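I have placed the structure first, in the form of structure tokens, so that the comments after it can refer back to it.
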Amino acid sequence: MPSIRKRGISRKTAVAAVFSLALGTFAATSALAVPAQSKSTPEWPLVLEPDAKAFADAAAKTPPIYTLSPADARKALEDVQSGPIDKLPADISHRTLKVGPTGTVDIRIVRPEGVTGKLPAVVYTHGGGWVLGSENTHDRLVRQIANGAHAAVIFVDYTPSPEAQFPVPIEQAYAVTKWVAEHGDDINVDGSRLAIAGDSVGGNMATAVTLMAKQRGGPKLDGQVMMYPVTNADFNTDSYHTFANGPWLTRKSMQWFWDNYAPNKKDRENILASPLRASLNQLKGLPKTLLITDEGDVLRDEGEAYAAKLRAAGTDITTVRYQGTIHDFAMLNPVANTNATKAAVKQVSEFLYDDLYGRS
């Protein structure tokens, strides 16, 4: 972005500014207003919903995330999610648990507002390529799930990569899940009614936790939800080639995320990193599952391949592909009002409600 750099604006500010323009939160008269980009609007290999297209077009005019430092990349996503957005009311508390390989893990507990009785729980592992994401970036989505599922959502603030690498984040997530199952009374939840959910790499972590629970004899999980999950460290599926340059998530970005999370290529062969590589026997007995993919996503094919393998292993699984949208569509606030996002969040919430309250 040479025109920006000539004006003395940093790469990080440029990213935030272009995303803010897409959100309508960055004034054109600002002293840091971004000049017109030389990069033309790309022709995407699918027809997107209007809001998804507007966001993807704006994202394409920013420096690729893999050219940023982890700190700058995190700030960019925080800025994307900082625009005005309606959020459902919720009662929120925080707690530090003395569990996991690093000694402690912070959690955020999100409950429907004013509900004082004991609730079932959903452990939530967030997306962001293991590098990005926080309780702020996922706040709107987590509130929707808590209200829609009528459950307490336990948001795991795992240590991001590259500060922590495989398997530390999934060990933290497992430790939190086990603690909730055993000590739910301490936070006014019913640990015997417990599900796990996550988006993108959070979906990867969620199913890793279910595999760990099987390997280690518990805790019992009633269900798992994966939204557009990472399931394999392989960048050669049809969707990886079709959407290599976007919209939004690119092949090179996913390679960068993997390099931060699991730089040792041998680790990527572990089924807790690449669950698609698990055998049918290793997958047998996993809990009832909802797996969502989206049309314009490098991760689409590996997610659907994992769903098919779970089905072959005997898992009670529902798989849905949402058309006309992009990776992260459930989480991204700029596309929160698209048809795909509204339908997917409703489906996730209803699946968890039915699962946790024993409805078929």
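Taking 7 Å steps out from each Cα toward its Cβ at Gln255 and Thr159 produces label points 2.8 nm apart. When exposed loop sites are taken as GluC sites (Glu not before Pro) in a DSSP loop with at most 16 other Cβ atoms within 10 Å, the longest stretch of the chain clear of them is 164-360. Label point of Gln282 set 7 angstrom out along Cα-Cβ; within the range 217-257, amide nitrogens under 12 Å from it belong to 232-233. In plain terms, the residue of Ser82, Ser192, Ser239 with the fewest other Cβ atoms within 10 Å comes first and the most crowded comes last, giving Ser192, Ser82, Ser239. Assuming a ≥ b ≥ c are the square roots of the Cα gyration tensor eigenvalues, decide whether the range 203-329 counts as rounded (a/c under 1.5), prolate (otherwise, with a/b larger than b/c) or oblate. Cα axes put the range 203-329 in the oblate bin. Taking 0.36 nm per residue of separation and subtracting the current Cα-Cα distance, fully stretching the chain between Leu88 and Asn136 would add 15.9 nm. Principal-axis analysis of the Cα atoms of the chain puts helix 70-80 at an angle of about 90° to the longest axis.
Counting residues in the range 51-184 as N, plug N into 2.2 N^0.38 Å and put the Cα Rg over that result.
Taking the Cα Rg and dividing by 2.2 N^0.38 Å, one obtains 1.15.
Computed from Cα positions, the angle between helix 139-149 and the longest principal axis of the chain comes to roughly 30 degrees.
Multiply the residue separation of Ala54 and Ala71 by 0.36 nm, subtract the distance between their alpha-carbon atoms, and state the gained length in nm to one decimal.
3.6 nm
A Stokes-Einstein calculation at 4 °C with viscosity 1.567 mPa s, built on the Kirkwood radius of the range 97-162 over Cα pairs, returns a diffusion coefficient of 102 µm²/s.
Label sites at Asp316 and Glu350, each approximated as a point 7 angstrom past Cα along Cα to Cβ, lie 1.7 nm apart. Shape summary: the chain maps onto an equivalent ellipsoid whose semi-axes, from the alpha-carbon gyration tensor, are 32, 22, 20 Å in decreasing order. Measure off 7 Å from each Cα along the Cα-to-Cβ vector at Gln323 and Val115, then give the distance between these two points in nanometres to one decimal. For Gln323 paired with Val115, the spin-label model returns 3.4 nm.
Cα gyration tensor of the range 272-360, axes a ≥ b ≥ c as square roots of the eigenvalues: rounded (a/c below 1.5), prolate (a/b > b/c) or oblate? Oblate shape, in that a/c is at least 1.5 and b/c is the bigger or equal ratio.
Computed over the chain, the per-residue total of -39500 (n - 2.57) for DSSP H runs of n ≥ 4 gives a 222 nm mean residue ellipticity of -11000 deg cm²/dmol, rounded to 500.
The numbers here are math on the coordinates, done by the rules we state, and not lab data. Being a predicted model, the structure only gives us computed values, none of them experimental. Note: ideal-geometry Cβ built from the backbone for every residue, glycine included; neighbour counts use all protein chains shown.
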